[in-house]
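J.: Pasting a structure below so you can have a look.
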Amino acid sequence: MDEPIGQALIGNCERGAFVDQNRVIKSLVEKYNECKHCKYKIVRYPDQENSATKDIDAYATAPGERPLAIEHTNIESFSGQFADNKRFAQHYGELETDLKDAFDFRVRLYLPVFAFRKGTNWKQARNTVRDWLLQNASSLPDGFSPVQVSGLPFSIGVHKDGKGSSRFTVARWAPANADVDVEATLNIARALENKNDQMKKYRDEGAYNILVLESSDIALVDHITLYKAFLQASERVPILNIDEVWLASTYAPDDPCDLLCFLGPDEVMDTVNPGNFQLGPRHAKIWRAAIDRDKKARGSIDLTSYIRLESR
């Protein structure tokens, strides 16, 4: 077992402190007004009004303009990420507190993603890890050590810095880049398919439909990863009822979200997106080449037979 290079630390998103989606939508409407020089205001939140069936998240109007039908969805970097994050924070967030002053050197505990399988007594597993660290961390050499603790159904890793200040943290191994690329693509494709169908009635009624994809993952993905995933997803799923697709990157409940437009008219994309990001159809050749390089580097993956991380 090699020392992990990437890891997802316990953070706000992993503790379930997501940004309120209505605040994200309001930020989008404000940015859209800047782009189009309009005065859209949200007049309804249909999904909150309609408890019987799924509906769009917001409906905005402006004098002399087509109404906006806005749908929001959270995108996981890999399937099952949010549930795994919640279990991770629940079971091991307390461990950081318990052991914050236990060592006079720096220790970081690494756990695998999807270590939290059903049927495991996680309180007992956490206590087993804590007791092992208290008994053995001081005798570990500096650097990274792979460890198989008796009674645990998974391996752990421990990084020790004997010269570092007293600190204990918990982190996880990041999934392989190839898995994140594939699963982000599949998750966005599923979102496009579901939301395209959901927004059809608003297109039929004359609304202009906008889909907001929200990502709160700062550790595993960035706008480049997600844009490539979106391009590949949109090749698999026709989105005839979606006029624009935006990305909202959110990292903490009180921070403003970063907005990018993945699909839309040039005037919107040119206003919203930094020029050096080169997003949109005019730069399709650049992104096609980048996607092809990714596929060549990781090898061919048959998406129809791909087994998701949570099912392995």
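Quick note: the coordinates plus some simple rules give every number you see, no bench work behind them. Bear in mind that the values here come from a model prediction, so they are computed numbers and not experimental data. Note: ideal-geometry Cβ built from the backbone for every residue, glycine included; neighbour counts use all protein chains shown.
J.: Report, in degrees rounded to the nearest 10, the 0 to 90 angle that the Cα long axis of helix 284-298 makes with the longest principal axis of the chain.
T.: The two axes meet at around 30 degrees.
J.: In debye, nearest 20, what is the charge dipole magnitude of segment 154-312 about its Cα centre with +1 on Lys and Arg Cβ and -1 on Asp and Glu Cβ, if you could check?
T.: Roughly 800 debye, rounded to the nearest 20.
J.: Would you mind checking the tilt of helix 177-198 against the longest principal axis of the Cα atoms of the chain, expressed as 0 to 90 degrees and rounded to 10?
T.: The two axes meet at around 40 degrees.
J.: Also, I was wondering about something else. How large is ³J(HN,Hα), in whole Hz, for each residue of segment 225-241 in order, when computed from phi with the Karplus curve 6.51 cos²θ - 1.76 cosθ + 1.60 and θ = phi - 60°, using x for Gly and Pro?
T.: Once rounded to whole Hz, the list reads 4, 6, 5, 4, 5, 4, 4, 5, 5, 6, 6, 8, 10, x, 10, 5, 9.
J.: Taking the Cα centre of the chain as origin and charging only Cβ (+1 Lys, Arg; -1 Asp, Glu), how large is the dipole, in debye to the nearest 20?
T.: About 520 debye.
J.: For the chain, what's the relative contact order in percent, using C-alpha pairs closer than 8 Å and at least 6 residues apart? Working shown, then result.
T.: On the way: 495 pairs, mean separation 70.5, N = 312.
About 23 percent, as a whole number.
J.: Rounded to the nearest 500, what is the 222 nm mean residue ellipticity of the chain from helices alone, with -39500 (n - 2.57) per DSSP H run of 4+ residues and division by all residues?
T.: Numbers: 9 runs with 116 residues, N = 312.
Helices in the chain give a 222 nm mean residue ellipticity of -12000 deg cm²/dmol.
J.: In nanometres, what is the gap between the two model label sites at Arg117 and Gln48, each 7 Å from Cα along Cα-to-Cβ?
T.: Inter-label distance under the simple model: 4.2 nm.
J.: Out of residues 5 or more away from Phe105 or on other chains, whose amide H comes under 5 Å of its own, with H placed 1.01 Å from N in the peptide plane?
T.: Under 5 Å from the amide H of Phe105 lie the amide H atoms of Arg167, each far enough along the sequence or on another chain.
J.: Taking a ≥ b ≥ c as the square roots of the Cα gyration tensor eigenvalues, with a/c under 1.5 meaning rounded and otherwise prolate when a/b beats b/c, else oblate, which class fits segment 81-173? List each step's numbers first, then the result.
T.: Values: a/c = 1.81, a/b = 1.61, b/c = 1.13.
Verdict is prolate for segment 81-173.
J.: Here's another thing I want to ask about it. By its C-alpha gyration tensor, with a ≥ b ≥ c as the square roots of the eigenvalues, how is segment 197-299 shaped: rounded for a/c under 1.5, else prolate for a/b larger than b/c, else oblate?
T.: oblate
J.: Now a separate question. Taking a ≥ b ≥ c as the square roots of the eigenvalues of the Cα gyration tensor of the chain, is the shape rounded (a/c under 1.5), prolate (a/b larger than b/c) or oblate?
T.: Values: a/c = 2.25, a/b = 1.93, b/c = 1.17.
Because a/c hits 1.5 or more and a/b exceeds b/c, the chain counts as prolate.
J.: Assuming R0 = 35 Å, can you tell me the calculated FRET efficiency for the pair Phe277 and Arg308, based on Cβ-Cβ distance, to the nearest 0.05?
T.: About 0.75, to the nearest 0.05.
J.: Per residue of segment 157-174, in order, report the coupling 6.51 cos²θ - 1.76 cosθ + 1.60 (Karplus, θ = phi - 60°) as ³J(HN,Hα) in whole Hz, putting x for Gly and Pro.
T.: Once rounded to whole Hz, the list reads x, 10, 10, 10, 10, x, 9, x, 5, 4, 6, 10, 9, 10, 9, 10, 5, 6.
J.: Moving to a separate point now. For segment 81-173, what is the percent of antiparallel DSSP beta bridges, rounded to the nearest 5?
T.: Here the share of antiparallel DSSP bridges comes out near 60 percent.
J.: While we're looking at this one, here's another question. Considering only DSSP beta bridges where both residues belong to the chain, give the percentage that are antiparallel (nearest 5).
T.: Counting DSSP beta bridges with both partners in the chain, the antiparallel share is about 55 percent.
J.: Between Leu240 and Glu267, how high is the FRET efficiency from 1/(1 + (r/R0)^6) when r is the Cβ-Cβ distance and R₀ = 25 Å? Nearest 0.05.
T.: It comes to 0.70.
J.: Further, regarding this structure: Calculate, in nm to one decimal, what Ser165 and Lys296 gain on full extension: separation in residues at 0.36 nm each, minus their alpha carbon distance.
T.: 42.8 nm
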